Protein chains: 2
Amino acid sequence: MSMVQLDLVEANKLAAGANKKQVKVKNGFGSLMGSKEMVEVDYKSDSNMDYLLMRDEEERKRFESSDPTKRHISEQPYTLDNWYQHINWLNFILVVVIPGIGLYYGLSGKVPLNFKLAVFSLTYFAMGGMSITCGYHRLWSHRSHGAKAPLRLFYAFFGAASVQGSIKWWGHSHRIHHRYTDTVRDPYDARRGFWYSHMGWMLTKPNPKYRARADISDLTDDWIVRFQHRHYIILMAFMAFIFPALLAKFFFNDFKGGLVWAGLIRVFTIQQATFCINSLAHWLGDQPFDDRRTPRDNWVTALITFGEGYHNFHHEFPSDYRNAIKWYQYDPSKVAIYVTSKLGLSYNLKKFSQNAIEQGILQQKEKKLNRERAKLDWGTAVADLPAWSAKDFEENLKKNPNLIVVSGIVHDVSKYYDDHPGGETLLQASLGKDATKAFHGGVYLHSNAAHNVLANLRCAVLEDHLKQAQLFAARRGETAKDFIRK
Amino acid sequence: MSMVQLDLVEANKLAAGANKKQVKVKNGFGSLMGSKEMVEVDYKSDSNMDYLLMRDEEERKRFESSDPTKRHISEQPYTLDNWYQHINWLNFILVVVIPGIGLYYGLSGKVPLNFKLAVFSLTYFAMGGMSITCGYHRLWSHRSHGAKAPLRLFYAFFGAASVQGSIKWWGHSHRIHHRYTDTVRDPYDARRGFWYSHMGWMLTKPNPKYRARADISDLTDDWIVRFQHRHYIILMAFMAFIFPALLAKFFFNDFKGGLVWAGLIRVFTIQQATFCINSLAHWLGDQPFDDRRTPRDNWVTALITFGEGYHNFHHEFPSDYRNAIKWYQYDPSKVAIYVTSKLGLSYNLKKFSQNAIEQGILQQKEKKLNRERAKLDWGTAVADLPAWSAKDFEENLKKNPNLIVVSGIVHDVSKYYDDHPGGETLLQASLGKDATKAFHGGVYLHSNAAHNVLANLRCAVLEDHLKQAQLFAARRGETAKDFIRK
Ligand code: HEM
Ligand code: HEM
Ligand SMILES: [Fe+2]
Ligand SMILES: [Fe+2]
Ligand SMILES: [Fe+2]
Ligand SMILES: [Fe+2]
């Protein structure tokens with residue numbers, strides 16, 4: 001039967017959103033903190049994405065040169081002549097220079113911090129941070145729930161205050177990260193080291209060869225997302241710096257303090273915290289659900305990221321509105337989403353079934369045990385034993401009388417007489433015989449340990465008793481391939 | 001092929017030592033603390049044990065009555081008329097009355113305890129206790145090592161001081177305990193409750209129906225064992241009570257104190273501690289090696305029994321000279337045996353291989369995981385799915401278009417559109433098609449969690465792709481029986 005195969009090229013286009021009309025949202029600055037080369041997806045063409053995919057192809061060809069100096073900058077080594085070309089200067093200003101100015105004024109004591117200002121900055125920090133985790137991440141990137149317009153507006157405004165790019169850009173690269181985790185297409189590819197996944201990826205220019213796209217038509221369908229993207233630069237500047245400064249002036253007449261502490265330094269802090277999800281959460285911690293990929297669970301990351309630290313869980317169950325599932329794990333974002341749902345501001349909170357979650361934990365434990373299992377000596381597998389006929393057995397017995405049959409398998413006890421806790425006499429009496437019943441309770445119901453010792457004495461399988469031997473081995477936990485003869 | 005079967009009756013006779021000439025050791029008191037009915041094995045006949053087995057049979061017949069009053073006392077209920085017949089009065093005196101007298105004199109303050117006497121009593125306690133654990137138990141009962149005559153003499157003398165019967169009697173019932181653990185033949189059958197396994201078994205009369213024997217010819221071959229058995233009553237009385245009293249008189253002129261504290265009370269203590277191995281060690285603690293039988297590991301028992309508390313290990317690896325294998329576990333008896341070997345007093349210390357030990361731990365863990373596994377829903381096993389031909393598939397598709405094939409298995413995604421973290425579009429595009437490659441990386445390399453969710457959408461297997469489906473299921477950890485069709 002020839003099944004109709006799903007066309008992979010077409011399917012990949014769908015996954016990249018290439019079937020959808022691109023929504024035109026004019027504003028180059030929405031992808032601030034991204035990299036133009038990577039995310040410039042939506043304002044060159046008003047038809048569909050085929051055009052963009054074609055352009056990618058052209059660009060790829062353009063840099064297909066064996067001359068190192070003609071390759072794309074990301075493929076050239078750093079030299080004194082070209083180092084500045086490697087750098088994404090816009091991002092450099094946004095995540096290094098501006099926060100740096102803030103830190104200078106703040107930490108030098110030039111702009112002092114008092115208790116009131118600290119409380120205000122922290123509150124502003126939390127509102128911006130939670131807008132990223134609940135809004136940008138769990139709502140928009142993962143559709144883990146729905147939210148009404150007022151809440152979405154809140155997330156859009158305070159999310160902009162965190163200076164991490166527009167929802168549209170953030171959601172796009174985040175979806176790419178999930179789909180291509182730990183591959184060259186993963187924008188924050190953790191395999192390239194802590195520093196790269198933390199900030200390096202945005203401070204340098206990425207290789208256009210590995211450009212990837214994801215369908216974000218559901219995001220561009222949201223007028224709030226479009227609105228935020230369109231007016232991102234002004235929204236960001238206002239919400240991140242001017243608004244907190246104005247508020248500080250209004251409440252305790254400290255414009256400068258508000259600008260530096262609730263503005264610049266707060267932005268630095270929330271940026272660094274968010275970056276930790278790409279670095280620390282792929283680097284430090286446990287892997288209770290699956291260890292084939294880098295994401296890890298750890299409470300340190302959770303603490304500084306409003307609960308996003310249970311990242312091993314999150315990559316397995318991305319559309320679950322929770323990141324932490326145990327009561328003692330810290331996940332305020334989950335709580336916030338839950339509370340907004342009770343207030344009628346959000347709805348349709350998605351959860352993976354408890355069954356699926358426990359399956360993952362169990363399989364990961366099994367995997368670890370299987371690794372331990374592989375380190376031990378389980379005796380020759382039935383499939384690898386020579387198969388003896390009744391005659392073979394008789395003949396071998398003449399050469400070596402120390403043979404005992406248990407469950408269709410022949411065991412050589414030459415070296416076991418002195419070690420047998422049940423004594424030498426019973427082994428002697430069993431030589432050349434089938435002692436299956438005696439071994440399995442007729443004389444003594446041997447322990448599990450005895451079965452293991454027994455397996456290490458194997459020397460052949462009786463071809464007339466093959467099935468018996470296979471079942472015996474299977475019951476002992478030997479795997480299919482250990483008892484099925486080739 | 002018809003293998004020569006080991007004759008079970010003959011083998012059981014061997015295990016009971018019935019092939020050996022019984023060594024005549026005259027002294028009825030060697031089985032003090034046993035029960036005559038149970039261990040009176042060796043001074044009625046000087047031929048072989050067939051005679052004894054025959055007598056057992058006769059006795060069994062004698063009590064084969066439907067009249068309750070004619071049954072053996074152990075099969076009759078307790079009444080006001082017969083209760084005293086249930087009791088083994090000799091043992092009652094030895095483990096209740098005599099220690100009771102000691103406790104009365106000691107605790108009432110009539111015979112005071114001072115520091116010197118306490119140190120002396122504890123020392124004597126330890127020498128007697130270690131003679132039981134290292135000598136009676138690990139050396140003689142389990143042959144876990146060999147020991148030279150001076151050490152054996154020490155164990156025989158100080159073992160007698162602990163008032164637990166002769167080596168011969170002790171070793172015999174202990175071997176029966178190991179061979180018949182948790183069965184009616186187990187002298188201290190832990191299934192009958194804490195109290196029974198602690199002292200009840202020796203204070204009441206056992207049922208002769210369940211009499212068991214073990215080969216102890218290696219013990220009766222040892223002149224020291226014979227000597228101790230022959231002179232047990234006098235040795236016991238002297239070593240347990242008179243000698244400590246004399247020593248106390250000699251060192252600090254306190255005969256009475258020595259008698260009560262280093263004699264009676266010490267005996268009570270060491271008896272109770274030893275009894276704990278039969279009760280507490282089968283009742284409290286973990287089962288890291290195997291949980292099919294009652295023995296358990298726990299450090300409390302270890303603490304009061306010179307290291308015999310790692311009883312789950314011990315029942316799996318009885319001839320290992322160690323009971324504890326981790327450095328932080330308390331097993332002074334193991335250390336003592338090791339030290340005597342370095343002094344040349346013992347030799348041939350047996351150990352099970354580290355491989356066998358780790359195998360046991362691993363298998364027990366696997367067993368626990370398998371129990372967890374059974375509680376979860378893994379989707380319909382391949383073997384239990386209806387098998388569809390290409391035509392069946394086409395027809396079913398007409399009734400329900402929401403079918404996607406992955407790895408030879410048909411999945412119904414009707415209810416999954418909204419939940420798919422990868423979006424509805426890709427599922428739609430895959431309907432009625434084979435999406436195997438797309439699912440396995442062609443579009444997205446799905447997580448382990450996704451595989452579990454997928455399995456719960458199964459509705460049929462394609463008969464032309466059965467093998468593919470089976471391999472897929474096997475890789476996911478489904479067991480042989482789940483993918484092999486009946
Ligand atoms: C052929 C390989 C054999 C191996 C590797 C083996 C292994 C062992 C082991 C490890 C024990 C210690 C207790 C336990 O772990 O359960 C044991 C005890 C014992 N075995 Fe075997 N055994 C073998 C064959 C036999 C046969 C053929 C018989 C009987 C005909 C027998 C009778 C006994 C008895 C009576 C005990 C003593 C139980 C006790 O006192 O604790 N064994 N054996
Ligand atoms: C038929 C049953 C399917 C199930 C049960 C399923 C399940 C899942 C799950 C649980 C995820 C979340 C990420 C993960 O756990 O790995 C996911 C993501 C995804 N799936 Fe599926 N899937 C199915 C079919 C497909 C098909 C046929 C395609 C492609 C043609 C596809 C493409 C994707 C993509 C692109 C993602 C997004 C990755 C991301 O952004 O994190 N899925 N799927
Ligand atoms: Fe991640
Ligand atoms: Fe995510
Ligand atoms: Fe025991
Ligand atoms: Fe033992």
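The values are calculated or read from the model by the stated rules, or taken from the named source; none is laboratory data. Since the structure is predicted, the reported quantities are computational estimates derived from the model, not experimental observations. In this analysis, Cβ positions are derived from the backbone assuming ideal geometry, glycine residues included, and neighbour counts consider all displayed protein chains.
Would a scan of region A:334-341 turn up a residue that is under 12 Å from the mean Cα position of the chain (by Cα) and either farther than 18 Å from A:Asp189 by Cα or within 13 Å of another protein chain (Cβ to nearest Cβ) (or both)?
Checked region A:334-341: no residue is under 12 Å from the mean Cα position of the chain (by Cα) and either farther than 18 Å from A:Asp189 by Cα or within 13 Å of another protein chain (Cβ to nearest Cβ) (or both).
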With the structure loaded, tell me whether A:Gly102 is closer than 22 Å to A:His198 by Cβ and small (Gly, Ala, Ser) or whether it fails that test.
yes
Criterion first (in the same structural domain as B:Arg296 (by TED's automatic domain parsing), within 16 Å of ligand 1 (Cβ to nearest atom) and either within 15 Å of B:Ile132 (Cβ to Cβ) or not in a helix (DSSP H, G or I) (or both)) does B:Thr274 satisfy it?
no
Identify all residues within region B:297-327 that are more than 16 Å from ligand 1 (Cβ to nearest atom) and either in contact with a helix residue (DSSP H, G or I) (Cβ under 9 Å, 6 or more places away or on another chain) or closer than 17 Å to B:Gly171 by Cα (or both); write none if there are none.
B:Asn298, B:Val300, B:Thr301, B:Ala302, B:Ile304, B:Thr305, B:Phe306, B:Gly307, B:Gly309, B:Ala324
For region A:361-370, check the following and say yes or no: at least one residue is more than 11 Å from chain B (Cβ to nearest Cβ) and assigned to a helix (DSSP H, G or I).
no
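For the structure I just gave you, tell me whether A:Gln329 is among the polar types (S, T, N, Q), within 30 Å of B:Ala455 (Cβ to Cβ) and not in a helix (DSSP H, G or I). Break it down into steps so the answer makes sense when it comes.
On the way: among the polar types (S, T, N, Q): yes; within 30 Å of B:Ala455 (Cβ to Cβ): yes; not in a helix (DSSP H, G or I): yes.
In short, yes.
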Expected output for region B:294-315 (first residue within 14 Å of chain A (Cβ to nearest Cβ) and in contact (Cβ under 8 Å) with a residue 40 or more places away in the chain, partner part of a helix (DSSP H, G or I) and within 11 Å of ligand 5 (Cβ to nearest atom), Cβ below 6 Å, 6+ apart or cross-chain) is B:Thr294/B:Ala190; B:Thr294/B:His282; B:Pro295/B:His282; B:Pro295/B:His311; B:Pro295/B:Asn312; B:Pro295/B:His315
Check whether at least one residue in region A:376-384 is part of a helix (DSSP H, G or I), farther than 20 Å from B:Gln359 by Cβ and more than 10 Å from chain B (Cβ to nearest Cβ), and report yes or no.
no
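Within region A:272-288, restricting attention to residues that are within 16 Å of ligand 2 (Cβ to nearest atom) and of a type outside the set (A, V, I, L, M), which residue is nearest to A:Phe306 (Cα to Cα)?
To start, the set of residues in region A:272-288 that are within 16 Å of ligand 2 (Cβ to nearest atom) comprises A:277-278, A:281-282, A:287-288.
Right, trim to of a type outside the set (A, V, I, L, M) and you get A:278, A:282, A:287-288.
Values: A:Asn278: 14, A:His282: 16, A:Gln287: 20, A:Pro288: 20 Å.
Ranking the qualifying residues of region A:272-288, first place goes to A:Asn278.
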Of the residues in region A:426-476 that are part of a loop (DSSP other than H, G, I, E, B) and touching a Pro at 6+ places or on another chain (Cβ under 8 Å), the one that is farthest from ligand 1 (Cβ to nearest atom) is A:Gly432
State whether one or more residues within region B:388-396 are under 25 Å from A:Arg179 (Cβ atoms) and either among the hydrophobic types (A, V, I, L, M, F, W, C) or within 11 Å of chain A (Cβ to nearest Cβ) (or both).
no
Within region B:436-461, which residues are more than 8 Å from ligand 2 (Cβ to nearest atom) and small (Gly, Ala, Ser)?
B:Gly441, B:Ala455, B:Ala460
Residues of region A:465-475 being within 8 Å of chain B (Cβ to nearest Cβ) and either closer than 23 Å to B:Phe289 by Cα or touching a Phe, Trp or Tyr at 6+ places or on another chain (Cβ under 9 Å) (or both), in sequence order, are A:Ala474
When restricted to A:Gly135, A:Gly171, A:Gly165, the only residue away from ligand 3 (no atom under 16 Å from the Cβ) and either farther than 23 Å from A:Phe243 by Cβ or in a helix (DSSP H, G or I) (or both) is A:Gly135
State whether the residues of region A:269-279 include one that is hydroxyl-bearing (Ser, Thr, Tyr) and touching a Cys at 6+ places or on another chain (Cβ under 8 Å).
no
Filtering region B:426-435 down to residues that are more than 9 Å from ligand 2 (Cβ to nearest atom) and not small (Gly, Ala, Ser), which residue is nearest to the other protein chains (Cβ to nearest Cβ)?
B:Asp434
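Within region B:316-333, can you find the residues that are away from ligand 5 (no atom under 16 Å from the Cβ) and away from chain A (no Cβ under 14 Å)?
If the condition is that a residue be away from ligand 5 (no atom under 16 Å from the Cβ) and away from chain A (no Cβ under 14 Å), then B:Lys326, B:Trp327, B:Tyr328, B:Gln329, B:Tyr330, B:Pro332 are the ones that fit.
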Is there any pair with a first residue in region B:116-131 that is over 9 Å from B:Phe158 (Cα atoms) and a second that is surrounded by fewer than 17 Cβ atoms within 10 Å (Cβ to Cβ) whose Cβ atoms are under 6 Å apart and which are 6 or more apart or on different chains, and what are they?
B:Lys116/B:Phe252
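If you check B:Ala156 against the conditions, is it assigned to a helix (DSSP H, G or I), surrounded by fewer than 22 Cβ atoms within 10 Å (Cβ to Cβ), away from ligand 6 (no atom under 16 Å from the Cβ) and modelled with pLDDT of 95 or more? Before you say what the answer is, go through the steps one by one.
Numbers: assigned to a helix (DSSP H, G or I): yes; surrounded by fewer than 22 Cβ atoms within 10 Å (Cβ to Cβ): no; away from ligand 6 (no atom under 16 Å from the Cβ): yes; modelled with pLDDT of 95 or more: yes.
Taking the combined requirement at face value, the residue does not satisfy it.
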Somewhere in region A:400-417, is a residue surrounded by fewer than 17 Cβ atoms within 10 Å (Cβ to Cβ) and at the interface with another protein chain (Cβ under 10 Å from one of its Cβ atoms)?
no
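Can you say whether B:Ala281 is assigned by TED's automatic domain parsing to the domain that holds B:Tyr155, within 16 Å of ligand 6 (Cβ to nearest atom), in a helix (DSSP H, G or I) and at pLDDT 95 or above, as far as the supplied structure shows?
On the way: assigned by TED's automatic domain parsing to the domain that holds B:Tyr155: yes; within 16 Å of ligand 6 (Cβ to nearest atom): yes; in a helix (DSSP H, G or I): yes; at pLDDT 95 or above: yes.
Judged against the criteria, B:Ala281 is a match.
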Please work out which residue is nearest to the other protein chains (Cβ to nearest Cβ), limiting yourself to region A:277-293 and to residues that are touching a residue at least 40 places away in the same chain (Cβ under 8 Å) and away from ligand 3 (no atom under 11 Å from the Cβ).
A:Asp290
